[in-house]
Amino acid sequence: MKAIQTVLVANRGEIAVRVMRTAKAMGLKTVAVYSDADARALHVRTADLAVPLGGNTATESYLNGDAILAAAHATGADAIHPGYGFLSENTGFAAACAEAGVIFIGPPAQAVEVMGDKALAKRAMLEAKVPCIPGYQGEDQSDETLCREAEAMGMPVMVKAAAGGGGRGMRRVSDPAYLQQAITLARAEAESAFGNGDLILERAIEGARHVEVQVFADTHGNVIHLGERDCSLQRRHQKVVEESPCPVMTPELRDAMGAAAVEAARAVNYVGAGTVEFLLDASGEFYFLEMNTRLQVEHPVTECVTGYDLVQWQIQVAQGEPLPATQEDVTLFGHAIEVRLCAEDPAAGFLPSAGPVSLFSIPAAESVRVDAGIETGDAISPFYDSMVGKVIAWGETREMARLRLRAALQRTALAGVTHNRAFLLELLDDATFVGGGATTDFIDQQYPEGYVPDAAPSRLLAAGIALQQILAGEAHFSSALSVSEELRGWASTGPVTRRHHYTVSDAAFSAEITQVCADGFDINLMESCHVVTMASLGEHRATLVIDGQRVVLGYYVQDSATLMLATDRSEITLVNTDLIPPEAAEDALGGKVLAPMHGQLMAVLVEANARVDKDQRLAVFEAMKMQHEILAPVAGTVAELLGHVGQQMAAGDVILVIEEATSE
């Protein structure tokens, strides 16, 4: 097989950028493809060449195999790297690449077909004597059979899309009364996400860890594993924090899991990078969960503890070379932890967020790696996954890695979209995680309604008010003519106290502000008095002295009335409502039910004139590859039904209007 010269990356975001980084380091030319929504995206700017696919949705662009192959032909690309998601596990696309004479940097189509279908994979693993979770993976897909098998298995049970992954098409059922509903929703989500509504059932293993083993195979018959990753911290069955090695791993257990993973790969004649996922219960027993026939999102932690570049290995294996290492060569050194920084609102059940990114900054630090798909000025698209990027830290010990990662997140600034930085910091400081005891149900149990950060302390609000005053003064001074520096902050009548009104989240308050010098203020608010002085002011970072304590804060000015302030733990958006014209204030929503973001209305569960209770399920909305239940904000009667099933809606579009019931 000839050496690869040009790699087209059939993906977007951080994984496309990451693949291009290695390809360029190997001296290869890189080609990006992009949708209309991604025309100015980072992966497009990173590539040597870029080809438009058209459209906005994944179906129109990154899932359009014919258009991608045409782009490869037009640019002379002799290989396609699919990244993860999209076409990475599409057997039809892999076969089309082979027919077109383009190297598909991935496993054989037959291995993808078996492992990409949970039912087929389960049968293959049972035949190979790999430990599996008890369940049902039969061909009879009638609701009656699934309900009967689930009830015979006993609750709780997991309903899973056979062709699924990433938590889509998955439901946990603990009450038989909700079994039929779970099957219906899981099937609908699976059909939408994967074009295949087949389901499997598995007994829910309580209090388990999600431990996966990285395997690699070449065309010369060599198959090895590169240790394990613990991915137990999950929400909505999607991973949030990953680490290597697993905190409770022993050499004996690693050998057993590694051998099972290698056997699983051999059973399907695997080639390339793959991940065999297991559930590890409290007794030390492990069970095959699934095999991902591609590079995983969390592969950097394995790279950090082995020293190997897995994308380089993928390219080498794809062009016929043997694996660069044997099993005896693989040694895990130190510890690595990764978090997924996502545009989502933890306080609203982790609802995805989208929009322009005003500021994104993670200062460089020792042994900290950042794989990101955006830069300041880019946007989080509503059409794709909500992940902004990954932050990975390595240390000689697990605690050193944790502290380095924590410090990197504390210095991270992300403005313009709601995000999960504060939640990630909360997890990294949680005693259960620090002790290495987190299991897959930890987030669901600890944060069943999402994560709500503590209210901002008055000293932080005072700092924001002072910074806003100083920035306004800077803007005014820079536009004034012939004003002496010595006159800044001076008034002939002495210090003047002014009262301003503010909001933070839904809370409103007022503050009395006295400017005592050019960069110093006395601020009274919420029955507290704070003295704030500016020490230094950078473009997006300010150092202030608050009540004698020196504090560094990140900030972003959205407009003259709005300031985003970032501390080492949280962000606040401070709005000076005195500067907002009355006509700009939004009316109360009342009974309006709005689309939470750009997406598609998948189901409407009520009719016009129907009576509804508060928090009753009204509709199912799909956005960023996930389905979200829309609940009634008030009790009353459906007065208007404006949305219809299948409709594409923008954030803020009205789905329906409820005429609120009046109390008698």
Once the Cα gyration tensor of the stretch 592-660 is diagonalised, semi-axes √(5λ) in Å: 19, 11, 10
Rounded Å value of the spacing that divides the Cα centres of the stretch 1-47 and the stretch 296-328: 18 Å
Sequence-separation-based contact order of the chain, relative, with Cα cut under 8 Å and 6+ spacing, percent: 9 percent
Hydrodynamic radius (Kirkwood) for the chain, which is based on Cα pairs only, to one decimal in Å: 27.1 Å
Positive-end extreme of charge dipole, the chain - chosen from 347, 591, 55 (charges on Cβ): 55
Count, lysine Cα pairs under 21 Å in the chain, 8 or more residues apart or across chains: 14
Given charges at Cβ of Lys, Arg, Asp, Glu: the chain dipole, positive-most of 413, 437, 638: 413
The stretch 84-217: equivalent-ellipsoid semi-axes (sqrt of 5 x gyration tensor eigenvalues, Cα, Å): 29, 17, 13
Cα-based Kirkwood hydrodynamic radius, the stretch 6-105, one decimal, Å: 12.9 Å
Degrees, to the nearest 10: 143-153 long Cα axis against longest axis of the chain: 90 degrees
Cα Rg over Rh - the stretch 302-369, Kirkwood: 1.14
Cα-centred dipole magnitude for the chain, charges only on beta-carbon of K, R (+1) and D, E (-1), debye, nearest 20: 1200 debye
Sequence ranges 261-268, 120-127, ranked by mean other-Cβ count within 10 angstrom, highest first: 261-268, 120-127
Pairwise centroid distance, computed over Cα atoms, of the stretch 385-411 with the stretch 419-467, Å: 15 Å
Mean-position separation - Cα centroids, the stretch 635-664 and the stretch 505-544, in angstrom: 42 Å
Calculated FRET value between residue 577 and residue 431, using beta carbons and R₀ = 45 Å, to 0.05: 0.70
Alpha-carbon Debye profile of the stretch 367-419, log10 I(q)/I(0) at 0.16, 0.17, 0.27, 0.32 Å⁻¹: -0.56, -0.61, -1.09, -1.31
DSSP-defined antiparallel bridges as percent of all bridges, the stretch 55-213, nearest 5: 85 percent
Computed [θ] at 222 nm, deg cm²/dmol, the chain (DSSP H ≥ 4; -39,500 (n - 2.57); rounded to nearest 500): -7500 deg cm²/dmol
Extended-chain gain in nm, criterion 0.36 nm per residue less alpha-carbon gap, residue 100 and residue 613: 179.0 nm
Helix axis angle, 13-25 relative to the chain longest principal axis, alpha carbon, degrees: 70 degrees
Sites residue 503 and residue 407, calculated FRET efficiency, Cβ-Cβ separation with R0 30 Å, nearest 0.05: 0.45
Projected area, mean over directions - the stretch 134-203, Cα convex hull, nm²: 3.9 nm²
Fraction of antiparallel bridges per DSSP, the chain only, in percent to nearest 5: 90 percent
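We did not get these values from a lab; they are worked out from the coordinates using the rules stated. All of these numbers come straight from a predicted model, not from anything done at the bench. Here Cβ is always computed from backbone atoms with ideal geometry, including for glycine, and neighbour counts include all displayed protein chains.
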